[in-house]
1. Show me A:178-185, B:171-178 ranked by packing, highest mean number of other Cβ atoms within 10 Å first.
2. Quick one: work out the % antiparallel among DSSP beta bridges in the protein assembly as shown, nearest 5.
3. In deg cm²/dmol, rounded to 500, what helix-only [θ] at 222 nm does chain A give when every DSSP H run of at least 4 residues adds -39500 (n - 2.57) and the total is split over its residues?
4. In peptide B:216-229, what is the residue-averaged number of other protein chain Cβ atoms found within 10 Å of each Cβ?
5. Angle, helix B:53-62 long axis vs. longest principal axis of chain B, Cα atoms, 0 to 90°, nearest 10?
6. Rounded to the nearest 5, what % of the DSSP beta bridges within chain B are antiparallel ones?
7. Rounded to the nearest whole Å², what accessible area per residue is found for segment B:90-193 with the 1.4 Å probe?
8. Hey, for a label at B:Asp280 modelled as a point 7 Å past Cα toward Cβ, could you say which residues of segment B:236-262 have their backbone N under 18 Å away?
2 protein chains.
Amino acid sequence: MALRDFSKDHHWLSINTATVRAQWKLDRIIDECAQRGIRAISPWRDQVAAVGLEKVAQQVRAQGLVLSGYCRGGMFPGVTAGDRERALDDNRRAVDEAKTLNAPCLIIVVGGLPGALQGKAQHKDIARARGEVHDGIAATLDYARQVRMPLAIEPLHPMYAADRACINTLEQALDLCDELDPSRSGALGVAVDLYHVWWDPKLQAQIARAGTQRLLAFHVCDWLVPTRDLLNDRGMMGDGVIDIPRVRGWVEESGFAGFSEVEIFSTENWWKRDGGEVLDTCIERHRSRV
Amino acid sequence: MALRDFSKDHHWLSINTATVRAQWKLDRIIDECAQRGIRAISPWRDQVAAVGLEKVAQQVRAQGLVLSGYCRGGMFPGVTAGDRERALDDNRRAVDEAKTLNAPCLIIVVGGLPGALQGKAQHKDIARARGEVHDGIAATLDYARQVRMPLAIEPLHPMYAADRACINTLEQALDLCDELDPSRSGALGVAVDLYHVWWDPKLQAQIARAGTQRLLAFHVCDWLVPTRDLLNDRGMMGDGVIDIPRVRGWVEESGFAGFSEVEIFSTENWWKRDGGEVLDTCIERHRSRV
């Protein structure tokens, strides 16, 4: 199967709004994207909240944009039952927001060891955290099915296992999907972000395994050498070592035909530049390097 | 099976000499370890070269120490056939040095994309690099078998896939062992360094798969939250989030009964402290937190 030709236009480009979060509030980001003919965005909850959910939903509709995903639910593990219950409440709200915004899926970053993100892990039992993630997704999925909002588990790079997500390979994410949604109903799948999975020797096989029922979102950026910060030193497509077209080929062979979403966290480079320059570069690199 | 009791002494402690490389040259490190009743070390090639191979070999014997490994061979991928041939020559020299030092195994850090460690990858084809790693280990193994020096492939954390090692999980390393040494002869195995593999959801199963024929070395330190540098911010055992005794239990259940080797790279903390304090802390933590 031939790769879709991205070189002529940016019909399949989506901008994850974190990419220009340092420059603009979400309402401006939406306008700037629309002005450039960018058809899709994937906003973060805090950016939506800062502008107002209904206002964002209206603006997205008015500008003729769609979402490629909504970021994000998850963060399920907790020390106490109360902690975990609050996480479930919050995930139900995230599902509702995704629904209001007409998102195709809610991205799930599952969480790691409770307290680790704040610098002080409350325990070291990653197997326990993984069990709580299983239970949290199961409970959220019950609710999400009712309102028909697919959940997309995003395996995060193993360097985030302690503090952000203890689902760290596509295989592990798909195993969990098979457990919780054995019929491959479409209610539960994965988000494949190249930054997190590019290194995986089983990547091609697991993308094929995912197929259209499970592969709900595709995120791109690049891995820089050297990488100077564990979180906020992602590269623009083409500036790093990921063979993006090759992996996009695998993704499209699996049946995926959706947006290619650019998500770049970059304290020292892209977040310091003019937002328009960043978006224009995303468009150019989407055509030439994705 | 009960875990070996480390709390009463440090009989099974080994010091990877990189842990105090910023403080002392290798001859001093050997003396300081011997004075503290530390029975084993794992030195690096550049540290050995700085003192002299024969001198180090003599000193190790004179002090009654043994090696738990020798760091390191590998770095096989190259752009040209000449590059790869030079890597093989260098690996043969590393095998010879390991033999002179009476090491139980040569640790192999396989390498990543050529040039990436110098900040400029020469290509993005990680599958090619993995193929060259396969061929490089095969060639080195031919030589190492002749002189009876086991090779221990060390899977490195996925965050090093581009620049240091494109073998990134224990499963992948063991698959390669099975390919190149199907009879489990003892000539080829793995080094399990908790820093690199602690996050892996398949860790327990793969340690069991390794067994005594394959599990040639066991390295410990800790994963800090937050981790401030991709390379040189490892933690002392007990200061991070790894459940070390649990994994040591799996390792010992698999039959491993060798040294627990402490390997800490720490620009901003342990490398700034007095070397004696670092070694004393390693001893204390080996007893209480490993």
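1. So the peptides A:178-185, B:171-178, ranked by packing, come out B:171-178, A:178-185.
2. 5 percent
3. -13000 deg cm²/dmol
4. Working: counts 0, 0, 0, 0, 0, 0, 1, 7, 2, 11, 8, 6, 2, 3.
For peptide B:216-229, the averaged partner shielding equals 3.
5. 30 degrees
6. 5 percent
7. Working: 3480 Å² over 104 residues.
Heavy-atom accessible area per residue stands at 33 Å².
8. Within reach of a label on B:Asp280: B:236-237.
The values are calculated or read from the model by the stated rules, or taken from the named source; none is laboratory data. Small disclaimer: the values here were computed from a predicted structure and weren't measured. We place every Cβ from the backbone using ideal geometry, glycine too, and count neighbours over all the protein chains shown. We work out accessible area using only protein heavy atoms, side chains counted, and drop any ligands, DNA or RNA first. Shrake-Rupley method; radii C 1.70, N 1.55, O 1.52, S 1.80 Å.
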